[in-house]
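Bear in mind these aren't lab numbers, they're just calculated from the coordinates by the rules spelled out. This is a predicted model, so every value here is computed, not measured. Glycine gets a Cβ as well: all are built from the backbone with ideal geometry, and neighbour counts include every protein chain shown.
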Amino acid sequence: MLAELAAANAAFQVIKTAIKNGGEILSAGQSLLEYFDNKNKLQEKVEKTSTKKRSDLEEFIALEQLKQQEQELREMMIYHGRPGLWDDWNNFQVKARQQRDEEKRQQLKAELAKKAKTNKFIETALLTFWITMLILTVFGCVIGAVYLTMEYQ
């Protein structure tokens, strides 16, 4: 959690520095992507962490710090960017999140298909083994019966 927060803070500082030096907010595009990517990773980690392992205060402070930084970024985009930049950025974030979610779904689907294929192979191998054992047992019984009947005649 701390690594994502540190990375988000570093990206935020790059964005602020770029704007203070007279550059446009879009000139710090890579840092913007890093900032929001790390913000999303941090939020996902907070959601996934069990309640026994996490500190509510740490989470609150980290998320509150990101919320304040995002408010500053919003103001920077509104005042230093083109008209409608913040709205376009929000739309881009929604689409990017949907794409990431779809990629995760596809990955899970592929993993499930692979597991199903492996399970089917194991099931087929075990079935083949047991049928072979049954045939060998029956064959052995027949041979044993023939041998015994020949021996007693």
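Listed by number, the DSSP H helices of the chain that run 24 Å or longer by alpha-carbon position along their axis and have mean Kyte hydropathy of at least -1.0 are 2-20, 56-80, 85-151. Simple rule: put +1 on each Lys or Arg Cβ and -1 on each Asp or Glu Cβ in the chain, find the dipole, and look at LEU112, ALA10, ILE131; the Cα lying farthest toward the positive end is ILE131.
So how do VAL14, VAL138 line up by other beta-carbon neighbours within 10 Å, fewest first? Don't jump to the answer; show the numbers that get you there.
Numbers: VAL14 16, VAL138 10.
Least to most surrounded, the residues fall as VAL138, VAL14.
How high is the relative contact order of the chain, in percent, with contacts defined as C-alpha pairs under 8 Å that are six or more residues apart?
Details: 58 pairs, mean separation 28.3, N = 153.
Rounded, it is 18 percent for the chain.
Full extension of the segment from VAL138 to GLU103, taken as 0.36 nm per residue of separation minus the current Cα-Cα distance, would add 7.4 nm. Among 140-152, 35-47, sorting by the average number of other beta carbon atoms lying within 10 angstrom of each residue, highest first, gives 35-47, 140-152. Panel order for TRP130, TRP86, by other beta carbons found within 10 Å of each beta carbon, from fewest to most: TRP130, TRP86. Over the chain, dividing the summed -39,500 (n - 2.57) contributions of all DSSP H runs of at least 4 residues by the number of residues returns a 222 nm mean residue ellipticity of -31000 deg cm²/dmol. Shown here: Kirkwood radius over Cα pairs in Å, derived from the displayed model; of the candidates (1) 20.8; (2) 15.6; (3) 16.6, it corresponds to (1). Residue exposure proxy: MET133, MET77, ordered by other Cβ atoms within 10 angstrom of their Cβ from fewest to most, comes out as MET133, MET77.
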